[in-house]
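Q: One structure coming up, written as structure tokens, with questions to follow.
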Amino acid sequence: MIIKQLDRTETRLNKVQSLSNQNHISINNINGKLEKDKVTQLKSLVNGIQKKMRNMKSEIDDLKKRTCPQDWMLFMGHCYLFVYKKAIWSNAKNECQQKGGYLVKVESVAENLWLISALKAEVWIGLNDIQTEGQWRWTSDNTGISFSYWQSHQPNSGRRENCVHYCKTGCGRNAYGWNDLPCSRPQGYICEKQF
């Protein structure tokens, strides 16, 4: 009887051992699957991060291309270069063109105030009446003026003064404003180009 009980106990123990082995195999399979799933998720996450990094690098490269060149200043989507080396108006115009821009075209109160705040000396702007006396036009696109900031009693000199500059002390004033001047008088100048 004891032998039969031992045999039954051994049989039960073998069944329990077999079930335990099966459970162990199942657990290993589940763990393996979970690890595979985790690895797959991690790979997907890493791929996503790498893609975002490539996109960010591309955006940074684009931004670098869209910044103003060295020494130029950015304002409202345009780049400005303040040059205080004196040049006659036509040479200043050519210098700006060689730099990929044009003599500044002042189109708004905000732009004018910003330019004045950055000025260190009197400079040429891209306005002139060289073609037709009294018809002031911008060299950048040959349009007339829709905004102006003339010093009082300006423009004043008829055929002799066909180019415009920001004038302050040379005009006997304590604030910058526009003044017509002979184009052959050397001045600094401001170049402008699209951002």
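The values are calculated or read from the model by the stated rules, or taken from the named source; none is laboratory data. A quick note: this is a predicted structure, and the numbers were derived from the prediction, not measured. Virtual Cβ from ideal backbone geometry, glycine too; neighbours counted across all protein chains shown.
Q: If you scan region 85-115, which residues turn out to be in contact (Cβ under 8 Å) with a residue 60 or more places away in the chain, surrounded by fewer than 22 Cβ atoms within 10 Å (Cβ to Cβ) and over 17 Å from Arg137 (Cβ atoms)?
A: Scanning region 85-115 gives Lys85, Lys86, Ala87, Ile88, Glu95, Lys99, Gly100.
Q: Still on this structure, please answer the following. Report yes if Gln151 is polar (S, T, N, Q), over 23 Å from Lys99 (Cβ atoms) and crowded, with 19+ Cβ neighbours inside 10 Å, otherwise no.
A: yes
Q: Here is a further query. Please determine whether any residue of region 65-85 is modelled with pLDDT under 95 and either among the charged types (D, E, K, R) or in a helix (DSSP H, G or I) (or both).
A: yes
Q: Another one. Can you find a residue in region 114-136 that is of a type in the set (Gly, Ala, Ser), in contact with an Asp or Glu (Cβ under 6 Å, 6 or more places away or on another chain) and either more than 24 Å from Glu161 (Cβ to Cβ) or outside the structural domain of Ser157 (by the TED database) (or both)?
A: No: region 114-136 contains no residue that is of a type in the set (Gly, Ala, Ser), in contact with an Asp or Glu (Cβ under 6 Å, 6 or more places away or on another chain) and either more than 24 Å from Glu161 (Cβ to Cβ) or outside the structural domain of Ser157 (by the TED database) (or both).
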